[in-house]
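A quick write-up on the structure given underneath.
Throughout, read-outs are computed from the coordinates displayed, never taken from laboratory work. Quantities reported herein were computed from a predicted structural model and do not represent experimental measurements. Counting neighbours? That spans all protein chains shown, and the Cβs are built from the backbone with ideal geometry, glycine included.
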Amino acid sequence: MTPFRHGGHGKKGTRGKWKDKVVSPTEVLQRIKPGMSIFLSTGVAEPRTLVKSLMESDAPNLQDLELIQMVSLGDAISSRKFEGHKFRLKTFFSGWVASKAISEGTVDLVPARFSEVPFLISEGRLDIDAAFVQITPPDENGWASLGVSVDTARKAMECASLKVAEIQPQMPRTLGDTFVHIDSFDLTVKATEPLLVFSRSPVAGVFDKVARNVASLIEDKSCLAWSMEQLFEALWLHLAKKRDLGVHSPFITDALMDLVSSGAVTNRFKGSFRNKCLCSYALGTEKLMHWLDENPLVEFQAVDVLGDPDRIRRNEKFVAILPARRVDLTGQFAFHSGRGNLGIGPSVAWEFIHGAHMSKGGRVIVALPSRNREGQPNILVSIEDYPNQYTNRETIDLVVTEYGVASMTGRTVRERAQALIDIAHPDDREELVRQAKERNILYKDQIYLVEAGRLYPSDVEETRDFGDLTVRFRPIRPSDEDQMRRLFYRFSSEAVYYRYFAPIKTMPHAKMQEYVNVDYERTMSIVGLIGEAGEGRIIAEGRYVMLPDRPWADCAFVVDEDYQGRGIATHLYRLLIREARKRGIKGFTADVLATNKTMLKVFEKSPYPVSAKLEGGAYHLSIDFSATRPGEGGSDKAVAAKSS
């Protein structure tokens, strides 16, 4: 990697005095005493030359040392050295290098929120005797930058009696609370190890589908937290056409760099650090390091500033996106561990979740594929056997897989389970239903049609505007039971009679669950929802049911009376025709009461000829698809038709 030009640090006077402090790593290690606690910078800024020298040295004074690092992401710290108790690593995050060692008992995990770590250091709760930090070469006035890892380095330096800088010419000079004067250090060494960079992750197709569903939940002017997993590599492309996004994130990565460069991120509407992308770390390629060098769009701040929930909540529409390893049917989830996790864990997540919930319009999204790379299910009845759990299920708003979005907010445990089963892998749903029944999470009589999950026609999903009203259309799901019940009870007695030709008063679970469980072959049901994805309210439904004796189907529609007269029923009718023709259905029949003039008008505007026969106060309609091609439609004022 090419060194950056840090400007005039070899000139005479005070600007060159720092060179008198340059020593070899061996000379630094001679200043270390047994039992000392040594703070190490994190990630890309890990002082690898000093750390490797420490790992490789057999000097007798290097005994019973405690290494303190926020996150162990580099390769310089060798876990093999922990076994002899020569070194002990204390970290705040159980990911990457530390995860396996923590489970084996050779590394100490400090459960703490990231934003409180600087406080723990400054208050002496964590003793620090020496601080090894990596910096850029100082400028002509002696000022150097901490580069791409600010975390708690400044607090550690304030408390340490021995301060050592590893000067890395490949480190970008970042802006924000990153500048330290060379006179702050007792000793300096020149880096001989290259700057630690990370290649970009290839994106599996399933993550692209998950990312597309996540992006559908993010509005213009939202503020985002970001990480380095595959999900985020895929996500930026789906967000590139959004407007005025903001960034308040632990990490900045290549994918986030691409999102900023696309023009989607302006930070204009942030309430904290407006016009700046705020972060504490950068992890990525050499290209990212060059992009960050003296980039005025990016502000690096310590973790107590970045992770402060009060600062986070000042950003309206703050979205915390959490990549998960497993989710259970109540909404609890487990983070990745080991090399599967680059920086998001319970300690980081808590602060961003808390900030999101206090943010106006904020939300918390948990995202994961329905199965892992080995084909094992990621949605389980329980995650009690998995490490790195976040168990505060009350704070999760939405769970996303490649199969859709499940809303957790305001739902009972049973409703959560139904919604999560709907977005699990189709081949896992039957077993999840069985296990949920055993644990009394679902009703014992819960229906599940095995083939329905595999046949779910996701291509039917679309969004359409009806004047000032936006309606999302999709096939009905088993988890729509409660919403359909509410729709039924919003109808007037007249509307119920128009729909069912009978004065039905109740719609209990046993009857409604039969209604919402369809096979999508002989029965197709499409619902219309308003509101945000995963949290919408059903205001309309259209369905057809195939006749037993010929390739025709009986159709019916229902629309919430508050939303009639907008053309919703007409659009549902055309969607049903399209899906029916794709499945080889030759025509529709419908029974409409003679007094239901508005529904008759919907059929009159049909793109196909309608024949009608009046029998006992109701018209029996026949619509033959072979008579003409589909055309353009009209509008409706009320809805009702009788289904077979």
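Some points to look at:
- Taking each of Lys209/Lys270; Lys19/Lys163; Lys90/Lys190 in turn, the alpha-carbon distance tops 23 angstrom for Lys209/Lys270; Lys90/Lys190.
- Under a model in which nothing but the beta-carbon of Lys, Arg (+1) and Asp, Glu (-1) is charged, the stretch 457-624 shows a dipole of about 340 debye around its Cα centre.
- Along the stretch 447-460 the Karplus relation, 6.51 cos²θ - 1.76 cosθ + 1.60 evaluated at θ = phi - 60°, assigns HN-Hα couplings of 7, 9, 8, 4, 6, 4, x, 6, 8, 3, x, 5, 5, 6 Hz to successive residues, with x for each Gly and Pro.
- Extension gain from Glu56 to Arg490, taking 0.36 nm per residue of separation minus the Cα-Cα distance: 148.9 nm
- Mean sequence separation of contacting Cα pairs (under 8 Å, at least six apart), scaled by the length of the stretch 457-624, corresponds to a relative contact order of 17 percent.
- A simple count of charges around Tyr456, restricted to other residues whose Cβ falls under 9 Å of its Cβ and scoring Lys, Arg +1 and Asp, Glu -1, yields +1.
- Cβ-placed point charges (K, R +1; D, E -1), dipole of the chain about Cα centre in debye, nearest 20: 1080
- If you take all other residues with their beta carbon under 12 Å from the beta carbon of Ile441, and give Lys and Arg +1 and Asp and Glu -1, the sum is +3.
- Taking label positions 7 Å along the Cα-Cβ direction at both Ser262 and Lys613, the computed distance is 5.7 nm, reported to one decimal.
- Length released on extending from Arg212 to Asp459, taking residue separation times 0.36 nm less the Cα-Cα span: 87.5 nm
- Backbone amide hydrogens, once placed in the peptide plane, bring Gly284 within less than 5 Å of Phe198, excluding anything fewer than 5 places away on its chain.
- Centre separation in Å (Cα based) which lies between the stretch 531-599 and the stretch 44-64: 71
- For the chain, with +1 on Lys and Arg beta carbons and -1 on Asp and Glu, the positive-most of Pro25, Leu62, Ala165 along the dipole: Ala165
- Net charge, Ala191 excluded, C-beta distance under 10 Å - Lys, Arg +1, Asp, Glu -1: 0
- Most tightly packed first, judged by the mean number of other beta-carbon atoms within 10 Å of their residues, the peptides 293-300, 171-178 read 171-178, 293-300.
- HN-Hα J in Hz across the stretch 199-205 - Karplus 6.51, -1.76, 1.60, θ = phi - 60°, x for Gly and Pro: 6, 6, 7, x, 9, 5, x
- Percentage, to the nearest whole number, of Cα pairs in the stretch 457-624 over 25 Å apart: 29
- Relative contact order for the chain, counting Cα pairs under 8 Å that sit 6 or more residues apart, in percent: 9
- Distances between placed amide hydrogens fall under 5 Å for Glu140 paired with no residue 5 or more residues away or on another chain.
- Net dipole in debye of the stretch 134-290 [+1 Lys, Arg Cβ; -1 Asp, Glu Cβ; about Cα centre; nearest 20]: 680
- Relative contact order computed over the stretch 377-446 (Cα-Cα under 8 Å; 6+ residues apart), in percent: 29
- Interchain or long-range residues, amide H under 5 Å from Val298's placed H: Cys277
- In this simple spin-label approximation, Asp183 and His620 carry label points 7 Å from Cα along the Cα→Cβ vector, and these lie 10.0 nm apart.
- Listed residues Phe132, Trp143, Val214: farthest to the positive end of the dipole of the stretch 115-231 (Cβ charges): Val214
- Sum of -39500 (n - 2.57) over DSSP H runs of 4+, divided by residues of the chain (222 nm, nearest 500): -7500 deg cm²/dmol
- Contour excess over end-to-end distance, with Cα ends at Ala627 and Glu294 and 0.36 nm allotted per residue: 113.0 nm
- Remark: spin-label model distance Glu451-Glu431 equals 2.3 nm, labels positioned 7 Å along the Cα→Cβ axis.
- Flagged links, alpha-carbon separation over 28 Å, of Lys155/Lys241; Lys221/Lys582; Lys317/Lys511; Lys241/Lys360: Lys155/Lys241; Lys221/Lys582; Lys317/Lys511
- Ordering Pro202, Gln435, Trp552 by Cα displacement along the dipole of the chain toward the positive end leaves Trp552 in first place; charges were set at the Cβ atoms of Lys, Arg (+1) and Asp, Glu (-1).
- A simple rule links phi to the HN-Hα coupling: the Karplus curve 6.51 cos²θ - 1.76 cosθ + 1.60 with θ = phi - 60°, which for the stretch 307-320 gives x, 5, x, 5, 5, 4, 5, 5, 8, 5, 6, 6, 10, 9 Hz, with x for Gly and Pro.
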